[in-house]
Amino acid sequence: MINLRDMTQKEMSGLAQSMGQPAFRGKQLFGWIYKGKRDFREMKNLPGVFIQSLEEKCVIDPLTLLECRESQTDGTKKYLFGLDGGSAVETVFMKYKYGNSVCISSQAGCRMGCAFCASGIDGIDRNLTAGEMISQIMDVEADTGESVGHVVVMGTGEPFDNYDNLAKFIRLINDKDGKNLGMRNITVSTCGLVPVIDRFAEDFPQVNLAISLHGTTDERRSAIMPINKKYPLREVIDAARRYTEKTGRRVTFEYALIHGENDSNADMDSLCRLLRGMICHVNLIPLNQVEDTGFKSSGRHRAEECMDRLESRGIPATVRRQLGADIDGACGQLRLEKLKK
Ligand code: SF4
């Protein structure tokens, strides 16, 4: 069966034609799907014969909801969704003053092997399709009854390690006849795959880019992020500079503060030297502790001290707000619990 959530509007027009319909039927079908319809018979302007063909050959499949935890304090919801083939991914729904945001996963697992991260512990199962990325958003909207105004691709997986599906997903969610989510309302986070940063700047100059740094020297960064051995810090920073030159846009650097590893004053001073003169912003993240990794969080108080130190040296910084504290658990933790069962 064909999963229509994996198809662009153009592909749906081709599908309609292959079923003996004019191309515009594909556009109508696309519109219905992004209104959240899953029953072809509710798509009122489609002819019966087309509906019959669609029912025979196509599905609009949601993901399988395995678990959902909801915060009683701020409305954050964390989902564990099952995929075809037995894998699972996490998705998080968050409420902000400026609107609702969803953090989606791009891969089931991750092969980047960052030492502090629950998502990479068991390696990678497989890439997610564009439709599975779309489904995370649509299924969250269906569950909450609320619309999503921002999407961050920051859950399990390295999005630039699944670039073709990521690119299709961005184009799909941006389609004005579908969800029509603005490019500027999408943020993609990478651990620093340098050649793909350049490609991304070329392909999606309006989409926000976040780069995970987590270390300010090659020695330190390589110890917790193996990718640094392939693309060292200097190359990552140079790629970020090229991104800004090309797009005119600010880069966000993610920095997870790990107690005793990368959170000293000397580390912050080194970070300032690295980023001096760049149009950037540092997002300090008090690490969510994952039992299996042995790393400890620096805590919120230390994160605020680090923020002050960066700001006083001219580097804009914030500490990531902790949403869903009462359903806390690090990114990838729900999935890890499932893998252990
Ligand atoms: S931090 Fe990101 S890139 Fe690193 S292992 Fe985890 S999911 Fe992969």
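The values are calculated or read from the model by the stated rules, or taken from the named source; none is laboratory data. Bear in mind the structure is a predicted one, so any value in this text is a computation, not a measurement. Positions of Cβ are backbone-derived with ideal geometry, glycine not excepted, and every protein chain shown enters the neighbour counts. With ligands, DNA and RNA removed, areas are computed over all heavy atoms of the protein, side chains included. Shrake-Rupley method; radii C 1.70, N 1.55, O 1.52, S 1.80 Å.
When we screen GLY314, GLY277 for residues that are loosely packed, with under 15 Cβ neighbours inside 10 Å, in contact (Cβ under 8 Å) with a residue 12 or more places away in the chain and part of a loop (DSSP other than H, G, I, E, B), the only hit is GLY314.
Return a yes/no flag: does the range 142-161 have any residue that is touching a Pro at 6+ places or on another chain (Cβ under 8 Å), in the same structural domain as ASN100 (by TED's automatic domain parsing) and within 20 Å of VAL251 (Cβ to Cβ). Steps first, answer last, please.
Residues of the range 142-161 touching a Pro at 6+ places or on another chain (Cβ under 8 Å): 142, 153.
From what's left, in the same structural domain as ASN100 (by TED's automatic domain parsing): 142, 153.
The next check asks that each one be within 20 Å of VAL251 (Cβ to Cβ); those that pass are 153.
Yes, the conditions are met somewhere in the range 142-161.
Scanning the range 223-242 for residues that are open to solvent by less than 60 Å² (accessible area, probe 1.4 Å) and either within 13 Å of the ligand (Cβ to nearest atom) or touching a strand residue (DSSP E or B) at 6+ places or on another chain (Cβ under 7 Å) (or both) returns ILE224, MET225, PRO226, ILE227, ASN228, TYR231, VAL236, ALA240. Look at SER53 and say whether it is open to solvent by less than 50 Å² (accessible area, probe 1.4 Å) and either at pLDDT 95 or above or assigned to a strand (DSSP E or B) (or both). Yes, satisfied. Number of residues in the range 280-303 that are more than 28 Å from ILE121 (Cβ to Cβ) and loosely packed, with under 14 Cβ neighbours inside 10 Å: the value is 1.
Considering the range 250-274 alone, what residues qualify as being within 23 Å of the chain's Cα centre (by Cα) and surrounded by fewer than 18 Cβ atoms within 10 Å (Cβ to Cβ)?
Initially, the range 250-274 is screened for residues within 23 Å of the chain's Cα centre (by Cα), giving 250-258.
Correct list: ARG250 only.
Evaluating PRO62 against the criteria (1) within 16 Å of the ligand (Cβ to nearest atom); (2) part of a loop (DSSP other than H, G, I, E, B); (3) farther than 20 Å from ASP326 by Cβ leaves one unmet condition, (1).
Assess whether SER135 counts as being within 9 Å of the ligand (Cβ to nearest atom) and crowded, with 23+ Cβ neighbours inside 10 Å. Here the answer is no, as SER135 does not meet what is asked.
So which residues in the range 153-209 are basic (Lys, Arg) and out of contact with any helix residue (DSSP H, G or I) (no Cβ under 9 Å at 6 or more places or on another chain)? Don't jump to the end; show me each part of the working.
First, pick out the residues of the range 153-209 that are basic (Lys, Arg): 168, 171, 176, 179, 184, 199.
Across the range 153-209, the qualifying residues are LYS176, ARG184.
Each row is one residue, and each column tells you yes or no for (1) away from the ligand (no atom under 11 Å from the Cβ); (2) in a helix (DSSP H, G or I); (3) under 15 Å from ARG126 (Cβ atoms); (4) touching a residue at least 24 places away in the same chain (Cβ under 8 Å).
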| position | (1), (2), (3), (4) |
| --- | --- |
| GLY157 | no, no, yes, yes |
| LEU166 | yes, yes, yes, yes |
| LEU181 | yes, no, no, yes |
| ARG184 | yes, yes, no, yes |
| THR187 | yes, no, no, yes |
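Criterion first (within 16 Å of the chain's Cα centre (by Cα) and either part of a helix (DSSP H, G or I) or not charged (D, E, K, R) (or both)) does GLN72 satisfy it? No; evaluated as a whole, the condition is false for this residue. Only one of the numbered conditions (1) within 16 Å of the ligand (Cβ to nearest atom); (2) within 25 Å of THR8 (Cα to Cα); (3) open to solvent by 30 Å² or more (accessible area, probe 1.4 Å); (4) not in a strand (DSSP E or B) is not met by PHE200, and that is (3).
Scan the range 106-122 and report the pairs whose first residue is of a type in the set (Asp, Glu) and whose second residue is open to solvent by 20 Å² or more (accessible area, probe 1.4 Å), with Cβ atoms within less than 8 Å and a gap of 6+ or a chain change. Here the result reads ASP122/LEU339, each pair linking the range 106-122 to a residue that is open to solvent by 20 Å² or more (accessible area, probe 1.4 Å).
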